[in-house]
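One structure is given here, and the rest of the page talks about it.
The values are calculated or read from the model by the stated rules, or taken from the named source; none is laboratory data. All of these numbers come straight from a predicted model, not from anything done at the bench. In this analysis, Cβ positions are derived from the backbone assuming ideal geometry, glycine residues included, and neighbour counts consider all displayed protein chains. With ligands, DNA and RNA removed, areas are computed over all heavy atoms of the protein, side chains included. Shrake-Rupley method; radii C 1.70, N 1.55, O 1.52, S 1.80 Å.
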Amino acid sequence: TGGVPLTDTLSSSSSSYASGNPPNSSFDRYHSVTKRLLVGPVLRVDLPRGLGLEFDALYQRVNYDHASSTSQPSYFYQSFEQGTGNLWQFPLLVQYHWTLSGARLFVEAGPSISRIANGRSTISSITVNGPSSSSSASTAQGLGGTLAGITVGGGIDIPVFGHHLRPEVRYSHWFSPTGTNYPVANLYLAPATGFSSFRTTQDEASFQLGLTF
């Protein structure tokens, strides 16, 4: 099956603050461009009474960049980070289909797992404190994490030369792990401090086109 996300996979946000004279200021921006491709294998089994069972393994590349700065009298700090990772989704869906005007319509629902694996992040920073200054750069490997959620959807099954062409729309909701705040769910296993997280959105929608045989 292949498809395109209809919503952003990772969230984007920015904030800034300034006060005082001379001013104390801060800036923080987290940005991600969603890769508009989902692809992966499908295992589907037809059951009696219009029921079916489907298991997918959907792959998507994700990335983010994170910039922040803090400025105070005699002090300045600035950092820039870039992260990439492989996002896998594993929905297990119970399906029900019926025939209407010659078309085979179906709906589906079930649990789903979202997993970011092989994440990599690089961060560089500069600090000015009075007359002294310093800079640093570091890289973290193995960033990632797992979320559980639910997936629902619906579509149409079109027979094509003994195969099944199945366009459909899906919606997934991911549950926040303990310690995170709605609406951002952080997928992150920290090998070191100072790095950001993959800030996934809690609600996702996608269009998919599957071919089964």
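Table for the structure above
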| item | result |
| --- | --- |
| GNM result for the chain, Cα springs below 10 Å: residue of GLY85, GLY144, GLY155 fluctuating most strongly | GLY155 |
| Solvent accessible area, Å² - HIS173, 1.4 Å probe, full protein context | 40 |
| Cβ-Cβ FRET estimate between LEU211 and PHE76, R0 fixed at 45 Å, reported to 0.05 | 0.20 |
| Solvent-accessible area of ARG170 with every protein chain in place, 1.4 Å probe, in Å² to the nearest 10 | 10 |
| Solvent-accessible area per residue for the chain (1.4 angstrom probe, square angstrom) | 54 |
| Förster radius 22 Å - calculated FRET efficiency between SER14 and ILE126 (Cβ-Cβ, nearest 0.05) | 0.60 |
| Relative contact order [Cα under 8 Å, 6+ residues apart], the chain, whole percent | 19 |
| Max mean-square fluctuation residue, GNM over the chain, Cα-Cα springs under 10 Å, options TYR77, TYR59, TYR17 | TYR17 |
| For the range 110-124 and the range 6-33, distance of Cα centres in Å | 22 |
| Computed magnitude of the charge dipole of the range 24-146 (debye, nearest 20; Cβ of K, R +1, Cβ of D, E -1) | 220 |
| Rg ratio (alpha-carbon, reference 2.2 N^0.38 Å) - the chain | 1.32 |
| Protein accessible area in the chain, 1.4 Å probe - carbon and sulfur % | 61 |
| Cα-Cα pairs of the range 15-113 separated by more than 24 Å (percent) | 55 |
